[in-house]
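The values are calculated or read from the model by the stated rules, or taken from the named source; none is laboratory data. Owing to the predicted nature of the structure, the values given are computational and were not obtained by experimental measurement. Methodologically, a virtual Cβ is constructed for each residue, glycine included, from the backbone with ideal geometry; neighbour enumeration extends over all protein chains shown.
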Amino acid sequence: MTAHKILLLVLDGISDRPCPELGMRTPLQAALTPVLDRMASDGICGIMDTIGPGIRPGSDTSHLSLLGYDPYRYYTGRGPLEAEGSGIRMEAGMIGFRCNYATLDGEGRVTDRRAGRIHGTEPLSAAIQEGVDLSSLGVEFLFRSGTGHRAALAFRGEDLGVAVTSNDPKKDGVPPLPFSARDGTDADRKTARALQEFVRQAEEILKDHPLNATRVAQGLSPATTVLIRGAGRMGHFEPFSSRYGLKGCVISAAALIAGIGTAVGLSRVEVPEITGSADTNLAGKVRAAIDALRTADFVLVNIKGADEAGHDGKARAKMMFIERIDSALVPLIGLEDCIVAICADHSTPCSVKDHSADPVPLLICGEGVRVDRVTHFDEVSCAEGGLHRISGGSLMPILRDLINRSPKYGA
Ligand code: ZN
Ligand code: ZN
């Protein structure tokens, strides 16, 4: 019997290094994970360098690699992918940026780089989209709210460069920086000018917006400017469906991951109450994945919370979130007609508070999968498994072979 579908579940930053507060175990070793352990026992395990040994991955570059898109060829910066994930349809060649709403004081100095962690900024973004006009500069733009204080911007136009600096001063008490062309080319200068003009006009609109007046009346920081960074040009991605012959979906609260998914042609499945944090609707995500598998051949799910705990250096919180993930995965046990692969996109050790290149654990289970002797899903146990140590770029070929959809090489 052969399964026909693939579920790839990426537990963002779940792997770690030994933690003193957990008796020198990793959060994954210390957590009680009967469901993950059961799937590890039923399948084959290994460890994986999501990009390559010693390469410290970002979530974006690692997800590209896991989907089989060599990040060294396809990655053009976070801005365009984040813009895509914020609902802007990024065409190849468009320039994407990441933005923050921020607060300026009467003197034009930044007083809050996140505008009091404002959320529900859609009316502000709609007013900016409606009111800002860059046509005299030969630039069309798209501007959308993201989660919380975040937003995304995209430019379309002739001769626009990407080597531009950010206006984010990275600290309070000083005015935003002017945009400038890093390499001094005409194209970069044109983009810098368009950004400057965009911010100038946006500030005019924000100044008088009723939503800001309400915030001020409530004693909250108004969103009075936009800080912009992460310029990148959208690349051309060979569609996932033509590359693998599979119809796929992505489920992720993080705009960046959703953007990578839709950039390669996966369709986005929205799940209510997913937040990208530890309070996310885990059961809803798992249910949505199982539902999506009825019509899709491939589903990518990203669960983010463990990464956040790693960045905060909170080993115990990370362990507890892992236990919550584990209990939400019960419906995956014995899932029919589906190969389930579970891994991380990178390690986020609590001692590092950032991503590290330590290889991540990987388990693959489902009909036809060889069963090795590993019975626990953690960094050390999986290293003894039948997959040994693979690179992220090998994952899709392995999964595709397990559903007998791999083309034969040679006679
Ligand atoms: Zn990540
Ligand atoms: Zn991270």
Single match in Ala115, Ala102 (criterion: of a type in the set (Gly, Ala, Ser), crowded, with 16+ Cβ neighbours inside 10 Å, part of a loop (DSSP other than H, G, I, E, B) and in contact (Cβ under 8 Å) with a residue 60 or more places away in the chain): Ala115
Search result, residues across segment 31-68 that are in a loop (DSSP other than H, G, I, E, B) and among the charged types (D, E, K, R): Arg56
Index of the failed condition, Glu379 passing every other in (1) over 10 Å from Gly46 (Cα atoms); (2) away from ligand 2 (no atom under 16 Å from the Cβ); (3) touching a helix residue (DSSP H, G or I) at 6+ places or on another chain (Cβ under 7 Å): (1)
Complete set of residues in segment 338-394 that are among the polar types (S, T, N, Q) and buried (at least 24 other Cβ atoms within 10 Å of the Cβ): Ser347, Thr348
Breaking point among (1) within 20 Å of the chain's Cα centre (by Cα); (2) of a type in the set (A, V, I, L, M); (3) outside the structural domain of Cys382 (by TED's automatic domain parsing), for Leu142: (1)
Yes/no for Ala152 being outside any loop (DSSP other than H, G, I, E, B), within 14 Å of Tyr101 (Cβ to Cβ), of a type in the set (A, V, I, L, M, F, W, C) and out of contact with any strand residue (DSSP E or B) (no Cβ under 6 Å at 6 or more places or on another chain): no
Inter-residue pairs, beta-carbon under 9 Å, first away from ligand 2 (no atom under 16 Å from the Cβ) and in segment 322-344, second aromatic (Phe, Trp, Tyr), 6+ apart: Asp326/Phe377; Ile342/Phe377
Residues (farther than 21 Å from Lys247 by Cα and outside the structural domain of Ser241 (by TED's automatic domain parsing)) located in segment 388-411: Tyr409, Gly410, Ala411
Test set (1) over 30 Å from Ile228 (Cβ atoms); (2) in a loop (DSSP other than H, G, I, E, B); (3) at pLDDT 95 or above; (4) away from ligand 2 (no atom under 16 Å from the Cβ) - Leu7 fails condition number: (2)
Qualifying residues in segment 9-51 (those that are under 14 Å from Ala341 (Cα atoms) and among the small types (Gly, Ala, Ser)) - the one surrounded by the most Cβ atoms within 10 Å (Cβ to Cβ): Ala40
Matching residues, segment 345-402, being more than 17 Å from Ala30 (Cβ to Cβ), more than 16 Å from ligand 1 (Cβ to nearest atom), of a type in the set (Asp, Glu) and part of a loop (DSSP other than H, G, I, E, B): Glu367, Asp372, Glu384
Helices (runs of 4 or more DSSP H) enclosed by segment 278-344 - at least 3 residues per element that are within 18 Å of the chain's Cα centre (by Cα) and closer than 23 Å to Val264 by Cβ: 282-292
Thr275 vs. criteria away from ligand 1 (no atom under 15 Å from the Cβ), outside any strand (DSSP E or B), modelled with pLDDT under 95 and among the polar types (S, T, N, Q): yes
Selection count where residues are within 16 Å of ligand 2 (Cβ to nearest atom) and surrounded by fewer than 21 Cβ atoms within 10 Å (Cβ to Cβ), scope segment 76-99: 0
Verdict on Lys318 being within 14 Å of ligand 1 (Cβ to nearest atom), surrounded by fewer than 22 Cβ atoms within 10 Å (Cβ to Cβ) and closer than 19 Å to Leu11 by Cα: no
Residue in segment 52-68 that is without any contact (Cβ under 8 Å) to a residue 24 or more places away in the chain and either away from ligand 1 (no atom under 13 Å from the Cβ) or farther than 22 Å from Met396 by Cβ (or both) present: no
